[in-house]
Structures are given as structure tokens and as C-alpha cells.
1. For residues in the stretch 186-222 being touching a residue at least 40 places away in the same chain (Cβ under 8 Å), closer than 29 Å to LEU352 by Cα and among the hydrophobic types (A, V, I, L, M, F, W, C), which is surrounded by the fewest Cβ atoms within 10 Å (Cβ to Cβ)?
2. Name the one entry in ILE200, ILE193 that is on the phi < 0 side of the Ramachandran plot, in contact with a Gly (Cβ under 7 Å, 6 or more places away or on another chain) and modelled with pLDDT of 95 or more.
3. Could you please find all residues in the stretch 224-243 being without any contact (Cβ under 8 Å) to a residue 60 or more places away in the chain and either closer than 25 Å to SER199 by Cα or assigned to a loop (DSSP other than H, G, I, E, B) (or both)?
4. Taking the stretch 244-261, which residues are in contact (Cβ under 8 Å) with a residue 60 or more places away in the chain and in contact with a helix residue (DSSP H, G or I) (Cβ under 6 Å, 6 or more places away or on another chain)?
5. Restricting to the stretch 48-58, name every residue that is surrounded by 14 or more Cβ atoms within 10 Å (Cβ to Cβ) and not polar (S, T, N, Q).
6. Using the structure shown, decide if SER97 is in contact with a helix residue (DSSP H, G or I) (Cβ under 7 Å, 6 or more places away or on another chain) and not hydrophobic (A, V, I, L, M, F, W, C).
7. Quick one: is LEU263 surrounded by 17 or more Cβ atoms within 10 Å (Cβ to Cβ) and not assigned by TED's automatic domain parsing to the domain that holds ASP214?
8. Give me the pairs, please: first residue somewhere in the stretch 287-302 and assigned by TED's automatic domain parsing to the domain that holds GLY273, second residue anywhere and modelled with pLDDT of 85 or more and assigned to a helix (DSSP H, G or I), beta-carbon distance under 6 Å, and either six or more positions apart or on two chains.
Amino acid sequence: MDVADLIKLQDSKVVDVKLDKDDVLITIETTESSIACRICGKQLTKRHGSDQERRLRHLSILGKRTYIIYKPHRYICDDCDNHPTTTATPSWHNRDSQYTIDYENHVLMELINSTIVDVSIKEALTEESVNGIVNRHIESSVDWESFTTLDVLGIDEIALKKGYKDYVTIITSRHEDRIRLLAVLRGKEKAVIKAFFKSIPRRLKKTVTAICTDMYDGYINAAKSVFKKQTIIVVDRFHIAKQYRGELDKYRQKILKQLKDELPHHEYERLKGAMHVLRRNNECLSKREKLILDNLFSHSPELAQAYKLAIKLTQILNTHMSSEEALIKINAWIKEVKQSQLTCFNKFIKTLNKYKQYVINYFIDRNSSGFVEGLNNKVKVLKRRCYGIFNLKHFFQRLHLDISGYSILLGNSSC
């Protein structure tokens, strides 16, 4: 196999190959026949010497660092005043870089789900060099021209610091099975979110079919004020489930505390593990776990009733039905809770009534912010991996690379 076949550089021929210590040095000559004049844009064919020699890091060959050495040709323009020259830049090299584009893409691939420090060590580069490669190839904000549709938007926040401080809002889009990052915004205030929504080009706003969020009013009101009634706003059912299950858990703690005072020690010990069992789906319980539940419920019929009501609401949220049917069933569930005389769900019912329409919207196309929650896990890993990222432009670049890096580098970045 020819060395030229290994390095795969367009419009070039290999002049010399030699080994210098542990480095492979490949000298080439570019073979382009013309370039555009930097002044008038006319195609130039008349060469006028060469520029200074360039030495570029390229993809390794047989585990050895490989460098491409070449002198770019200069072309002269006879039509422009003072006959300026233009230096040719091959398609496989960015003028201001010390690396070939293939090598820079390799570094970016290495950086996906990794760190600047790790990649710099593996590739024997400085951290500044790796950051330079990222800045040359990865946008620090969304490129709307790369989108043809947005479809479903997801909004969620994450704290950059411990103790839920220094919030950033992550906005993503999901089209079919592809998730793309749209923004990393400082704070979570309505004005910040609204300003971003307004910045979306009109042609793309029309393609938004749903906006999935939690029960934070700032997100909901920002979406309503920009998208009006043209877009469905969905409060994610998992946030709803977290609330009523949390209320059930508080009630369980209260009942177990009472039983600990009332029951003999050996009888109370038989309830050990009830906390874990109550948090699991009933169909996933073993025989032993069901016995624990039966024993607990025999001491507290009220807790048994609360548990059954929570399971019933879960079944409603998990059932495929129309939004009209869902509204009827949820209203019936609220009525049943009130008739039961249980008070453990009172706070949750107020919340459910406030956001009921947004919860019901889930049943229209069964959109949820599950894809956003999955992304949040990736963000948390990125924070730990990089010891915190507080520059939002860098945050956007690194998260964008982790989410879409493979499709970008494999040449499939359209959506």
C-alpha cells in the first residue's frame, strides 16, 4: 500500500518519508491547479513561489506520531492592482492550525465523554491546544441554520454548585429519536427563558409541537407568552408522580412512627423493609415483600387505602387514552381521595388542580421530558468529570460535543 493511501490527503503527492526518532515525517507537495484570488475572487493558475514550510500533526501511523510537511504554493493575480499573491490552503488544513483537519477530528472524537486533561495527556498536546481545536470546530451557541425542525422542546435546570446554587437552564430539542442542545442559560428566571424563545427564528418556532417542563411557573409562563396557544405545554408526569409518591412516603413515615410506639418490638420488627417495599411497583414485589405489605396494612388500613390510591393514579398516568378520558379519570380520582377522608394528598391535589391542563396535555401525544432528565444525568457526569464548568460557552461546547459529537464528526449534523 502506498503511503499516500494511508494519509488520504486530497490534491497532494508524497515526496519523501522518513523516521525521525519516534516520529514519522511525510513531506508532500500539493497538486491543486488553481485557487481563488483573495481580492477579486478570480481563479488563479499562475504560481509565484511558495510560502514558508508548514509542519502539521496528522493521524498516527503504526502507533507513531506522524507529521505532514509541505510548502503551500502562492499564486499571483495579473488582474488586480499591484498584482497581489494568494497562498493556497488545502482542504485538509485550517490556515491557523498546527494540525490537519483529520487529526483535529480525531482529538474531538477522543474528547467525547472525556476531559481536556485526559486527551492532552494521551495525545501529548497542551490543554490550550486541545481547547483551541474545540473552539475551531464546536460552536459556543446554537447554529439555527443547521436545523430544519425543532419538534419537542425540553426545559430543565441544574445547579452548578452544591447546595442548589448558581442555576443554569438547559434547553434541548427532540426530533424523532435525536436530541440536540439548544441553549445553556444563566439562571432560571422567566425573562431569561422568554428572551431565548424569542430568539428562535420564526420558521423554526412554527415547527415546535410541544414544550415539556416541570412545574416551575417561570418556564410555563415564558412558553405561554411566546408560543401562545400554537404549542402544547406539557408538565411532565414523572414530576407529578414524584409529588404524590412523596406525600405517600411522608404518610408512611408518620404511620410507622406511631406503630413503633404502639406495637411490641418483635411485632414492629416484622415491618422492617416496609419503606423500600412501598416505593416499588406492586407487580415487581416478591412474595416476602407482599407479606410485609399485608402485615403493615393490617395495622393501618388508612395507609393501605393511600397506597391503593397512589397505585391507581400511576395506572391512570401509564394508560394510553385520550386527553378527554384522562381528565375524567383524574377528576374521579380527586373525588375519590376527598371521599376517603385521607388528608395526606391534600397538598398534592392543590398542585394537581393548578397544573391539571398541562398534565392532561401529556395524553395528546404522550410527550414527556424524560429525554431532558436523561440529559441532566449527562450534565452531572460532565460537571464531575471536568471538576465543574462555570464558563457557559465552554459548557455549551462540551455538552454539545457529548450529545451530538459523533453525528457532527461523522458528517450527519443536519436535523
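The values are calculated or read from the model by the stated rules, or taken from the named source; none is laboratory data. Since we're looking at a predicted model, the values are computed, not measured. Neighbour counts run over all protein chains shown; Cβ positions are idealised from the backbone, glycine included.
1. In this case the residue turns out to be MET215.
2. ILE193
3. LYS224, SER225, VAL226, PHE227, LYS228, LYS229, GLN230, THR231
4. The answer is TYR244, GLU247, LEU248, TYR251.
5. Hits for the stretch 48-58 are HIS48, ASP51, ARG54, LEU56, ARG57, HIS58.
6. yes
7. So LEU263 fails the test.
8. Close Cβ pairs (under 6 Å, with a partner that is modelled with pLDDT of 85 or more and assigned to a helix (DSSP H, G or I)) amount to PHE297/ALA304; HIS299/LEU259; SER300/ILE255.
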